[in-house]
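Peer 1: Dropping the structure in here first, questions after.
The values are calculated or read from the model by the stated rules, or taken from the named source; none is laboratory data. On a predicted model such as this, the values are computed, not experimentally measured, just so you know. With ideal geometry, Cβ positions are generated from the backbone for all residues, glycine too; neighbour counts draw on all protein chains shown.
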There are 2 protein chains.
Amino acid sequence: MKSTIPDTGVPIAPTAANGGDRQEASLHGEILLRLRDYVVEGNIPDGARVPERQLCAMLGISRTPLREALKVLASEGLIELLPNRGARVRQLSQRDLEELFDVMAGLESLAGRLACEAITDEEIAAIEQLHYEMYGHYLHRDMHGYFQTNQRIHESIVAAARNETLKTAYANFAGRIRRVRYSANFARKRQRWAEAMREHEAILDALRRRAGSELSDILFQHLRNKRAAAIEHLTEPHEDAPASP
Amino acid sequence: MKSTIPDTGVPIAPTAANGGDRQEASLHGEILLRLRDYVVEGNIPDGARVPERQLCAMLGISRTPLREALKVLASEGLIELLPNRGARVRQLSQRDLEELFDVMAGLESLAGRLACEAITDEEIAAIEQLHYEMYGHYLHRDMHGYFQTNQRIHESIVAAARNETLKTAYANFAGRIRRVRYSANFARKRQRWAEAMREHEAILDALRRRAGSELSDILFQHLRNKRAAAIEHLTEPHEDAPASP
DNA sequence: ATGACAAAAAATGAATGCAAAATGGTCTCT
DNA sequence: AGAGACCATTTTGCATTCATTTTTTGTCAT
């Protein structure tokens with residue numbers, strides 16, 4: 001009598017798209033990956049209560065591995081665990097977002113500095129390629145394409161830093177602000193968009209010259225500007241039509 | 001009898017001195033704090049197997065909360081969990097240490113930059129005070145005092161950054177390399193010691209002028225030098241190692 | 001009708017139980 | 001005697017169960 005749970009659909013789908021390097025072959029590891037994605041994707045409203053039983057039914061497992069995964073997600077800062085009151089999706093205050101953006105700025109700044117020490121001409125060429133691609137999206141006002149290529153550029157810089165620890169930390173913080181970061185780029189401010197393009201050109205220039213310290217400054221400032229745009233976008237979240245003022 | 005852990009009666013004292021702000025009132029939270037300290041303090045040899053039941057007996061709890069704490073510690077990078085083979089204290093390769101030092105460098109570099117934006121004259125005065133105190137330890141060849149004051153200075157800079165997220169991340173990474181970081185300062189190289197003092201003066205100078213970008217560079221380089229000293233000290237580890245008293 | 005109190009229901013925290021996998025030792029076969 | 005196979009013990013992973021705490025609900029009094 002092991003199967004007390006109705007087999008509705010496929011409880012555990014193999015997360016083939018994941019990094020897979022980690023030793024997440026066990027059930028709790030699988031659950032962890034799926035729950036993290038589930039939360040990051042925004043399937044649970046901010047601050048909503050999430051009964052364990054419900055998640056168990058959804059995932060087709062018992063509470064033990066689920067609770068283990070919840071503890072890890074809490075330590076990652078994605079959710080918060082109130083004693084005897086269950087888990088809630090962590091609600092980020094404006095201050096939290098500012099702090100997170102600043103930490104991201106520090107990490108990218110570091111990534112740029114380290115990248116200048118070891119990046120190859122081929123990697124720079126690849127980033128240049130992405131840059132031109134992004135420029136195309138910019139010209140075509142393709143916000144979605146721009147956003148994706150932009151992320152790939154930043155990830156390429158992090159990858160070029162050749163530091164797995166940094167890469168992991170970066171991915172962790174990026175997950176926390178994913179939704180906001182996305183909407184930040186969606187701010188209709190064309191001026192900010194053009195400014196970001198110029199900043200990216202400066203980034204590329206410093207990268208070509210392997211000017212680590214300089215690139216560090218530029219990247220920090222770039223993220224600071226993105227932070228400002230994100231915060232501004234959050235405080236006045238009405239933008240369906242091009243506002244007149 | 002495969003006891004890898006010294007069996008004292010009540011080995012782990014209650015961590016009353018911990019940053020009790022956290023909502024770790026529950027049992028698993030308490031266990032987490034105690035286990036983390038226990039591991040960070042180096043009570044378990046590198047790479048040693050740690051049977052769950054033994055830890056349970058030691059802590060006087062059942063396996064469920066212990067396993068939850070282990071999962072969290074693994075996500076923090078302190079231990080690693082091999083599927084069906086239990087938890088091992090994570091053994092840091094030289095490359096791991098290099099990466100960790102670089103990430104620490106990035107975080108301190110960020111902290112310095114942010115600190116310049118908001119630090120008060122009083123805070124700077126306090127750091128100056130610590131600096132002179134440290135100079136005294138340096139003159140008296142008091143390695144232990146020097147080490148402690150040095151840490152307090154760096155922590156003060158991080159605190160001055162006014163970013164709790166950064167502070168938490170910094171504490172996390174600091175925990176991972178605590179032992180090595182300590183021994184790094186124990187390197188008998190007097191030359192490096194004098195150099196570090198000069199670097200600290202430059203840090204203080206940039207801080208007084210609120211020169212964020214400059215301070216960022218100096219702090220990064222300072223940590224880079226510390227990293228070099230630590231690695232060097234590890235590759236030729238023949239000094240009278242600080243054994244347990 | 002509203003508020004307070006109390007009991008029921010549900011959810012969480014921790015312990016125990018059970019199956020699968022790994023470890024260790026012994027035995028057999030060459 | 002040595003290498004490999006086999007079995008017993010230990011250990012891990014997960015499910016289930018038990019005990020508290022919280023939340024809801026129903027009733028009563030004002």
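Peer 1: Would you please name the residue that is nearest to DNA strand D (Cβ to nearest atom), looking only at residues in the stretch B:55-73 that are surrounded by fewer than 21 Cβ atoms within 10 Å (Cβ to Cβ) and more than 8 Å from every other protein chain (Cβ to nearest Cβ)?
Peer 2: So, considering only residues that are surrounded by fewer than 21 Cβ atoms within 10 Å (Cβ to Cβ) and more than 8 Å from every other protein chain (Cβ to nearest Cβ), the one nearest to DNA strand D (Cβ to nearest atom) is B:Arg63.
Peer 1: Tell me, please, whether a residue that is assigned by TED's automatic domain parsing to the domain that holds B:Leu219 and on the phi > 0 side of the Ramachandran plot can be found in the stretch B:155-167.
Peer 2: Looking through the stretch B:155-167, at least one residue is assigned by TED's automatic domain parsing to the domain that holds B:Leu219 and on the phi > 0 side of the Ramachandran plot.
Peer 1: Right, next: Please go through the stretch B:44-56 and give me each residue that is part of a loop (DSSP other than H, G, I, E, B) and either among the acidic types (Asp, Glu) or modelled with pLDDT under 90 (or both), ordered by number.
Peer 2: If the condition is that a residue be part of a loop (DSSP other than H, G, I, E, B) and either among the acidic types (Asp, Glu) or modelled with pLDDT under 90 (or both), then B:Pro45, B:Asp46, B:Gly47, B:Ala48 are the ones that fit.
Peer 1: Before we move on, is B:Arg88 closer than 22 Å to B:Arg34 by Cα, more than 8 Å from chain A (Cβ to nearest Cβ), within 13 Å of DNA strand C (Cβ to nearest atom) and buried (at least 17 other Cβ atoms within 10 Å of the Cβ)? Don't jump to the end; show me each part of the working.
Peer 2: Numbers: closer than 22 Å to B:Arg34 by Cα: yes; more than 8 Å from chain A (Cβ to nearest Cβ): yes; within 13 Å of DNA strand C (Cβ to nearest atom): yes; buried (at least 17 other Cβ atoms within 10 Å of the Cβ): yes.
For B:Arg88, the condition - closer than 22 Å to B:Arg34 by Cα, more than 8 Å from chain A (Cβ to nearest Cβ), within 13 Å of DNA strand C (Cβ to nearest atom) and buried (at least 17 other Cβ atoms within 10 Å of the Cβ) - is met.
Peer 1: Show the residue pairs that are 6+ apart or on different chains and have beta-carbon atoms under 7 Å apart, the first residue being within the stretch B:145-174 and closer than 15 Å to B:Ile119 by Cβ, the second being outside any helix (DSSP H, G or I).
Peer 2: B:Ala160/B:Ile119
Peer 1: Taking the stretch B:74-85 as the search range and keeping residues that are hydrophobic (A, V, I, L, M, F, W, C) and within 19 Å of B:Ala174 (Cα to Cα), which one is nearest to the other protein chains (Cβ to nearest Cβ)?
Peer 2: Top of the filtered list is B:Ala74.
Peer 1: Just for the stretch A:92-113: of the residues that are touching a residue at least 12 places away in the same chain (Cβ under 8 Å) and over 18 Å from B:Phe173 (Cα atoms), which one is farthest from the other protein chains (Cβ to nearest Cβ)?
Peer 2: Result: A:Gln94.
Peer 1: Out of the residues in the stretch A:74-85 that are free of Cβ contacts under 8 Å to residues at least 12 places away in the same chain and within 20 Å of B:Glu76 (Cα to Cα), state the one that is surrounded by the most Cβ atoms within 10 Å (Cβ to Cβ).
Peer 2: Within the stretch A:74-85, the match that is surrounded by the most Cβ atoms within 10 Å (Cβ to Cβ) is A:Leu81.
Peer 1: Hey, another quick one. If I filter the stretch A:113-125 for residues that are of a type outside the set (Ser, Thr, Tyr), buried (at least 22 other Cβ atoms within 10 Å of the Cβ), in contact with a Phe, Trp or Tyr (Cβ under 9 Å, 6 or more places away or on another chain) and closer than 14 Å to A:Leu219 by Cβ, do I get at least one hit?
Peer 2: yes
Peer 1: Answer yes or no as to whether B:Phe147 is within 14 Å of chain A (Cβ to nearest Cβ), out of contact with any strand residue (DSSP E or B) (no Cβ under 8 Å at 6 or more places or on another chain) and more than 26 Å from B:Ala25 (Cα to Cα). Can you show your working first?
Peer 2: Values: within 14 Å of chain A (Cβ to nearest Cβ): no; out of contact with any strand residue (DSSP E or B) (no Cβ under 8 Å at 6 or more places or on another chain): yes; more than 26 Å from B:Ala25 (Cα to Cα): yes.
For B:Phe147, the condition - within 14 Å of chain A (Cβ to nearest Cβ), out of contact with any strand residue (DSSP E or B) (no Cβ under 8 Å at 6 or more places or on another chain) and more than 26 Å from B:Ala25 (Cα to Cα) - is not met.
Peer 1: Here's something else I'd like to know. Collect the residues in the stretch B:126-147 that are out of contact with any Ser or Thr (no Cβ under 7 Å at 6 or more places or on another chain) and surrounded by 14 or more Cβ atoms within 10 Å (Cβ to Cβ), keeping them in residue-number order. First the steps, then the outcome.
Peer 2: Of the residues in the stretch B:126-147, the ones out of contact with any Ser or Thr (no Cβ under 7 Å at 6 or more places or on another chain) are B:128-129, B:131-132, B:135-136, B:138-147.
If the condition is that a residue be out of contact with any Ser or Thr (no Cβ under 7 Å at 6 or more places or on another chain) and surrounded by 14 or more Cβ atoms within 10 Å (Cβ to Cβ), then B:Glu128, B:His131, B:Tyr135, B:Tyr138, B:Asp142, B:Met143, B:Gly145, B:Tyr146, B:Phe147 are the ones that fit.
Peer 1: All but one of (1) in contact with a helix residue (DSSP H, G or I) (Cβ under 6 Å, 6 or more places away or on another chain); (2) assigned to a helix (DSSP H, G or I) hold for A:Ala87, so report the exception by its number.
Peer 2: (2)
Peer 1: For the stretch A:92-106, indicate whether the set of residues that are of a type in the set (D, E, K, R), at pLDDT 95 or above and touching a Gly at 6+ places or on another chain (Cβ under 7 Å) is non-empty.
Peer 2: Filtering the stretch A:92-106 for residues of a type in the set (D, E, K, R) gives A:95-96, A:98-99, A:102.
Still in the list and also at pLDDT 95 or above: A:95-96, A:98-99, A:102.
Filter again for touching a Gly at 6+ places or on another chain (Cβ under 7 Å), leaving none.
No, there is no match, as no residue in the stretch A:92-106 is of a type in the set (D, E, K, R), at pLDDT 95 or above and touching a Gly at 6+ places or on another chain (Cβ under 7 Å).
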